[in-house]
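Since the structure comes first, as structure tokens, the remarks are kept for the end.
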Amino acid sequence: MSKILVCISNVPDTTTKITFTDNNTQFNTNGVQFILNPYDEIALARAIELTDGGKGSVTVINVGEANTEATIRKALAIGATDAVRINAKPHDAWYVAYQIAEYVKANPFDLILTGRESIDYNGSKVAGMLGELLDLPSVSIIKKLDATDSEATVEREIEGGKEVLTIPFPFVAGCAEGVAEPKIPNMRGIMSARTKPLAVVEPVEVQTLSEIISYETPAPRGQVNLVSADDVAKLVDLLHTEARVI
Amino acid sequence: MSVLIYAENAGGKFKKSTFEAVSYAKAIAGQNNTTLIAISIGYVAKEDLAALGKYGAEKVLNVSNDKLKNFVNQAYASVIAEAAKANGADIVVISNSFSGRGLAPRLGVKLQAGVADGAVALPEQNGGKFTVKKTAFSGKAFAVVELTSANKVIALTPNSYKVVESGSAAPVEDFSVEAKASDFKEMIKDIVRSTDKVSLPDAEIVVSAGRGMKGPENWGMIEDLANLLGAATACSKPVSDAGWRPHSEHVGQTGIAVSPNLYIAIGISGAIQHLAGISSSKVIVVINKDAEAPFFKVADYGIVGDAFEVLPKLIAAVKEYKASA
């Protein structure tokens, strides 16, 4: 395997308290720290492992405006060889997948990895859309990825179990926990990231298919009903008669 | 115009989440005064196929052949897209299951359709606008998405729409499409599905535990309680990171999001990342020895107490309740 592409997203840190502005139509980014999407970190870590020792290269690609460059540099510091930023707002998964597919058509890769989903819009869509746009197999949520020269063996998550698949390269996969442990950049990585190539590519035009109209936050729950540790039977009774869930 | 529902099976049997999706699709067909057609791929018994009519399917397309016996993402997406085209379906509904997450994006591209993944409510259709509410920010919020395309794909979150029985047995027709060789590049080597455990994303009750359990050797009590309640077991991130439990049980922002009727959290403090994954649970019970644990702020019921003292009592109380019920 010589060339791997890892698609990365710039997302709010996991500790972010999510709020909205403009009558709940805009995500409030004020004071929010943005990070490399945690699942993309897993995909990147596995890509680096698979190409370790000069066996190939890892390119990271992001669809975003200039403010995502800190996240892209982080990926370079972790160990990506080079980076591409498609200079556009990531309107929706279709828009992002279309831009990346256009880039890949001109610059083929042996393997394309994404995170299983981004932790902001949770679509799990880019991997499958890329597969369809490029007429390649796609596996949306993988827990394990092993490779030989010509094919990979992956474990796909299914309800209550797993499925083991072999797939010839090239293909697209969305990585979840289990594929690799995220890597922490070392000082040498951070220094070299500054000079690694980061190409900025202008987007192609494409019609959008969806639009976020507004946001809602979950309804607040009432006061907790505390039951004494000495009267556990009361909890069971409340779950049956009041909450009606058992 | 019609609505097409992909009725997913697991090992030849339809699951509750499939009946939820059929009921949901029926309601959408009702909003549009159109018919609901179901499609099943694989080997499902004829009477089970016809029974989809109970939940509103007016016709069931059955695709059975050896190549499509098990899920092949590309091939299944091709078959469903062909069925949508052949039946003039402009709305395709599927379950937001693990397989569904593979199908929805491919269907979206094939049908040039906007995709609403993780839908949690029926669409609203006002003044030509078609909007769907879906989970966002890993359960910390919802987004209302307008699908601006003529065709639409909706993937419904399990446990977010009630099963509704509205009809009787539906006619079953065989449906076949010419399969492309390039749709079958992936080969299934093995399928491991535990039949004695409740699947976490579909579970109506989840018993979840955290570091308060002190070690993997103490999970017997968690499993006992889960078995009694017919629940799935889950855990917090530190527990799966420590290798006490498999990653597939990790619930939270970087794990699985669940929306059960009842979520019981034992020895979990309630970090914001964990709460994100469980916020759409209908009823939350928290058992923690620390009365200041943040989890109590989002709980409906709570017990302040040591898990090792409370759990045996809770197991006994549930046994007693089950015996009397």
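Of all residues in region B:88-105, which are buried (at least 24 other Cβ atoms within 10 Å of the Cβ) and over 19 Å from the mean Cα position of the chain (by Cα)?
If the condition is that a residue be buried (at least 24 other Cβ atoms within 10 Å of the Cβ) and over 19 Å from the mean Cα position of the chain (by Cα), then B:ALA89, B:ILE91 are the ones that fit.
For region B:6-16, state whether one or more residues are free of Cβ contacts under 8 Å to residues at least 12 places away in the same chain, surrounded by fewer than 24 Cβ atoms within 10 Å (Cβ to Cβ) and out of contact with any helix residue (DSSP H, G or I) (no Cβ under 8 Å at 6 or more places or on another chain).
No, region B:6-16 contains no residue that is free of Cβ contacts under 8 Å to residues at least 12 places away in the same chain, surrounded by fewer than 24 Cβ atoms within 10 Å (Cβ to Cβ) and out of contact with any helix residue (DSSP H, G or I) (no Cβ under 8 Å at 6 or more places or on another chain).
Please determine whether any residue of region A:108-125 is closer than 29 Å to B:VAL153 by Cβ and surrounded by fewer than 20 Cβ atoms within 10 Å (Cβ to Cβ).
yes
For A:PRO220, are the conditions met, namely being over 30 Å from B:VAL72 (Cβ atoms), more than 8 Å from chain B (Cβ to nearest Cβ) and at pLDDT below 95?
Criteria met by A:PRO220.
Those residues that are of a type in the set (A, V, I, L, M), farther than 25 Å from A:VAL206 by Cβ and in contact with a Lys or Arg (Cβ under 6 Å, 6 or more places away or on another chain), I need them from region B:114-161; list them, please.
Selection gives B:VAL120, B:ALA121.
Could you list, in sequence order, the residues of region B:153-198 that are assigned to a loop (DSSP other than H, G, I, E, B), closer than 26 Å to A:SER124 by Cα and of a type outside the set (A, V, I, L, M)?
B:THR157, B:PRO158, B:ASN159, B:SER160, B:TYR161, B:LYS162, B:LYS180, B:LYS185, B:GLU186, B:SER194, B:LYS197
Within region B:199-216, restricting attention to residues that are in a helix (DSSP H, G or I) and not charged (D, E, K, R), which residue is nearest to the other protein chains (Cβ to nearest Cβ)?
Among those residues, the one meeting the criterion is B:GLY212.
Which of the strands (runs of 3 or more DSSP E) contained wholly in region A:9-70 include at least 3 residues that are within 30 Å of A:THR148 (Cβ to Cβ) and in contact (Cβ under 8 Å) with a residue 40 or more places away in the chain?
A:57-64
Looking at A:VAL206 and the list (1) modelled with pLDDT of 95 or more; (2) under 26 Å from B:ALA77 (Cα atoms); (3) in contact with a strand residue (DSSP E or B) (Cβ under 8 Å, 6 or more places away or on another chain); (4) more than 7 Å from chain B (Cβ to nearest Cβ), which single condition is not satisfied?
So A:VAL206 meets the others, but not (3).
The values are calculated or read from the model by the stated rules, or taken from the named source; none is laboratory data. From a predicted model like this one, the values you see are computed outputs, not experimental measurements. We place every Cβ from the backbone using ideal geometry, glycine too, and count neighbours over all the protein chains shown.
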